[in-house]
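The values are calculated or read from the model by the stated rules, or taken from the named source; none is laboratory data. The structure displayed is predicted, hence computed values, not measured ones. Counting neighbours? That spans all protein chains shown, and the Cβs are built from the backbone with ideal geometry, glycine included. Ligands, DNA and RNA are excluded from the accessible area calculation, which covers all protein heavy atoms including side chains. Shrake-Rupley method; radii C 1.70, N 1.55, O 1.52, S 1.80 Å.
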Amino acid sequence: MRLLIMGPPGAGKGTQAVGLAERIGGAHISTGDIFRANVRDQTELGQTAQRYMDAGEYVPDEVTNAMVKDRLAQSDATEAFILDGYPRTVDQVSTLDGILAELGAPLDGVIELVVDPEELIQRLLKRAETSGRVDDTEDVVRHRQEVYTAETAPLLEVYGSRGLLIKVDGVGEVDEVSRRIDAALPS
Ligand code: B4P
């Protein structure tokens, strides 16, 4: 199964994608995690990504697209994957379409986690207490929500018009949300 998981910052994409990847037996590909690993290791990619992430902005498409293309070509992603946090822009959608067409690997579904905006802010401020993430301060968290609304929310319509969108209520215990996702997946 090949899936995307989408939703605003703090919706629980990463939280849900880890378990879901295990359940579908595929790769969990989180662009946020890959960027953070590169920042930690002080690679050239990490140095480019860091200034955007710290400000709550998106990393430029050409950087992100090349990174995902490379990752999707790895053997653990051949049969099944869940892409977490990608695509986030219209340009990333067309790049992903091209990559998947080349691989002959169409998507089976796009999960949208739906969570109320104020709940999102509270979750991320709570995460800030332990995460050490520079992009979890209140101003940056609010800016990330605005960037999501402007740049990424329109993508949901694109996938909706392709009949791929699976809306899931993201509020409740983590296990409860996981059960809702499993029940909504195509068989
Ligand atoms: P991401 O790492 O994707 O971060 P996120 O949107 O903050 O997190 P997510 O929705 O996964 O929430 P999580 O499970 O952690 O991106 C970070 C940055 O990287 C971006 O701002 C951007 O700069 C860059 N980037 C990444 N992808 C990019 C792309 N494609 N293009 C350009 N730039 C890109 O959950 C959040 C919190 O809620 C956690 O503390 C969790 O414990 C809690 N939580 C989860 N589920 C819960 C539940 N059911 N109830 C209560 N709390 C819950």
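Here are the numbers:
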{"read-out": "Test: residue in the range 149-159 that is surrounded by fewer than 16 Cβ atoms within 10 Å (Cβ to Cβ) and at pLDDT below 95", "value": "no"}
{"read-out": "Unique match (being in contact (Cβ under 8 Å) with a residue 60 or more places away in the chain and under 28 Å from residue 141 (Cβ atoms)) among 63, 110, 68, 59", "value": "110"}
{"read-out": "Members of the range 17-51 that are open to solvent by less than 20 Å² (accessible area, probe 1.4 Å), in a helix (DSSP H, G or I) and out of contact with any Gly (no Cβ under 8 Å at 6 or more places or on another chain)", "value": "17, 20, 21, 46, 49"}
{"read-out": "Which numbered condition residue 11 misses (of (1) away from the ligand (no atom under 14 Å from the Cβ); (2) in a loop (DSSP other than H, G, I, E, B); (3) open to solvent by less than 20 Å² (accessible area, probe 1.4 Å))", "value": "(1)"}
{"read-out": "Qualifying residue in the range 80-91 (condition: more than 21 Å from residue 19 (Cα to Cα) and of a type in the set (Lys, Arg))", "value": "yes"}
{"read-out": "Any hit, the range 54-70, residues being under 22 Å from residue 97 (Cα atoms), touching a helix residue (DSSP H, G or I) at 6+ places or on another chain (Cβ under 7 Å) and open to solvent by 70 Å² or more (accessible area, probe 1.4 Å)", "value": "yes"}
{"read-out": "Condition met for residue 141 (at pLDDT 95 or above and β-branched (Val, Ile, Thr))", "value": "no"}
